[in-house]
Amino acid sequence: MVKPLLDKPPQLERKETGRVLLTRKYELITPLFGGGVKAGEVDIENPIRGTAVRGHLRFWWRATRGGQFGKDGLAAMKAREDEIWGSTEGVSQITIVVTESTIGKLYKAYYRGDEVNVGHPNSPLGYVAFPLRESGGQVYEGVSFTLQIECPKEYRPDLKAALWAWETFGGIGARTRRGFGALHCTDVQLRIDGKKFSNKNWVWSYSTQNGKSEIVDHIKEFVMKIDFPDDVPHLNWKTNRTHITPAVENGETAWKVLIDSLKKFRQNRAPDAQGRPFGRNRWP
């Protein structure tokens, strides 16, 4: 006996897993230093690499979430880190792909009207770009890129904490602790199980009036308040260690103010035998 034809084929029930798909667009507000395969060099063809982004996020995950394992939890922290971000023995649970990037243009430094290498002592960035003095390397401004990130539901808090810290305190490329490659997230698209959701909880910005308190609130939200293992760089809840500079017209101006402050601090020298400020550096 021939079975009657069904009016409609049976519909497969789609199981919701809570998997997140993030599309995040970035532009750099300070020049890109290095970040390519060769140390200290920008890769013109592929300026932003997914492996580099993963490395930065991995560091900031450790700096925010590593405290949950306690003072003696280094091995447990490493195991969890490898589980989330991958290792030589297993793949990452979080997929990161650079879908597009633009190299921008060469940053040009000038001294008394003449162009100089960015690492030259008289360059506006010379104090933080000094590794380029001998190599003659270059940095690029106007760099932008887009990331597509997929993350299972159970690792969502880990990804969110790492992204927040990376965007707020970090950057892309080399010498990010000296201000290169500072990030500005310009757009976020969020989908969960293929459905579009509000990106409200995945965007972080700060006001000029209450920036410090807003940053402190996020530190308390994302940073685990437990003892971190020894020698693991991390953020902490001590509000007296959080400072912001007065508002200025753009990111590069703010950066140069900080460069000058760092230079004055590090180059504060004891006087020599003749009383001149050319003695030993107080901050070796």
**Request:** Set the Förster radius R0 to 35 Å, insert the Cβ-Cβ distance between Glu249 and Thr99 as r into 1/(1 + (r/R0)^6), and round the FRET efficiency to 0.05.
**Result:** 0.65
**Prompt:** By how many nm would the segment from Glu134 to Glu16 grow when fully extended, if each residue of separation counts as 0.36 nm and the alpha-carbon distance is taken off?
**Reply:** 36.9 nm
**Asked** Between Tyr110 and Ala76, what length comes free when the chain is fully extended (0.36 nm per residue of separation minus the Cα-Cα distance, one decimal in nm)?
**Response** 7.2 nm
**Prompt:** How far apart, in nm, are two points set 7 Å out from the Cα along the Cα-to-Cβ line at Ile44 and at Thr23?
**Reply:** 3.0
**Asked** With springs only between Cα atoms under 10 Å, which of Glu150, Glu45, Glu16 fluctuates most in a Gaussian network model of the chain?
**Response** Glu16
**Asked** With each label point set 7 Å from Cα along the Cα-Cβ vector, what nm distance links Glu89 and Tyr206?
**Response** 3.9
**Complete:** Expressed as a percent, the accessible surface of the chain that is carbon or sulfur, using a 1.4 Å probe and the full set of protein chains, is 51
**Gyration tensor (alpha-carbon) shape descriptor, segment 1-150, a/c threshold 1.5** = oblate
**Prompt:** For segment 142-204, what does the alpha-carbon gyration tensor say about shape, rounded, prolate or oblate, given a ≥ b ≥ c as the root eigenvalues, a/c under 1.5 as rounded, and a/b over b/c as prolate?
**Reply:** prolate
**Spin-label model distance (nm) - Glu154 vs Asp187, 7 Å beyond Cα toward Cβ** = 3.4
**Item:** Proximal lysines relative to Lys225, as straight alpha-carbon distance under 24 Å, when same-chain residues fewer than 8 apart are discounted
**Value:** Lys71, Lys78, Lys153, Lys160, Lys212, Lys238
**Asked** Counting other Cβ atoms within 10 Å, which trypsin sites (Lys or Arg not before Pro) in segment 243-284 have at most 12 and lie in a DSSP loop?
**Response** Arg280, Arg282
**Item:** Rounded, prolate or oblate (a/c below 1.5 giving rounded, otherwise prolate when a/b exceeds b/c) for segment 132-252 by Cα gyration tensor
**Value:** rounded
**segment 14-100: mean projected area of Cα convex hull, nm²** = 8.7
**Asked** Hey, got a sec? Which GluC sites (Glu not before Pro) in segment 211-284 land in a DSSP loop and have at most 15 other Cβ atoms within 10 Å?
**Response** Glu249
**Asked** Given springs between every Cα pair under 10 Å in a Gaussian network model of the chain, which of Ala76, Ala174, Ala165 has the largest fluctuation?
**Response** Ala76
**Asked** Got a sec? Charge dipole of the chain, +1 on Cβ for Lys and Arg, -1 for Asp and Glu; which of Val203, Pro271, Pro124 is way out at the positive end?
**Response** Pro271
**Message:** Can you give me the orientation-averaged projected area of the convex hull built on the Cα atoms of the chain, in nm²?
**Reply:** 23.7
**Prompt:** Given a 1.4 Å probe, how much area per residue of segment 154-284 is accessible, in Å²?
**Reply:** 64
**Computed lengthening from Asp230 to Asp217, 0.36 nm per intervening residue step minus Cα-Cα distance** = 2.2 nm
**Message:** Using helices alone, I'd like the mean residue ellipticity at 222 nm for the chain: each DSSP H run of four-plus residues gives -39500 (n - 2.57), total over residue count, nearest 500.
**Reply:** -8000 deg cm²/dmol
**Request:** Run the numbers on the chain and let me know its relative contact order in percent, using alpha-carbon pairs under 8 Å that are six or more apart.
**Result:** 27
**Request:** Considering only Leu57, Leu262, Leu159, give the residue with the highest GNM mean-square fluctuation for the chain, with springs between Cα atoms whenever their separation is below 10 Å.
**Result:** Leu262
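The values are calculated or read from the model by the stated rules, or taken from the named source; none is laboratory data. This one's a predicted model, so the numbers in the text were calculated from it and none came from an experiment. A quick note on method: Cβ atoms are made from the backbone with ideal geometry, for glycine too, and the neighbour counts reach across all protein chains shown. Note: areas computed on protein heavy atoms with side chains; ligands, DNA, RNA excluded. Shrake-Rupley method; radii C 1.70, N 1.55, O 1.52, S 1.80 Å.
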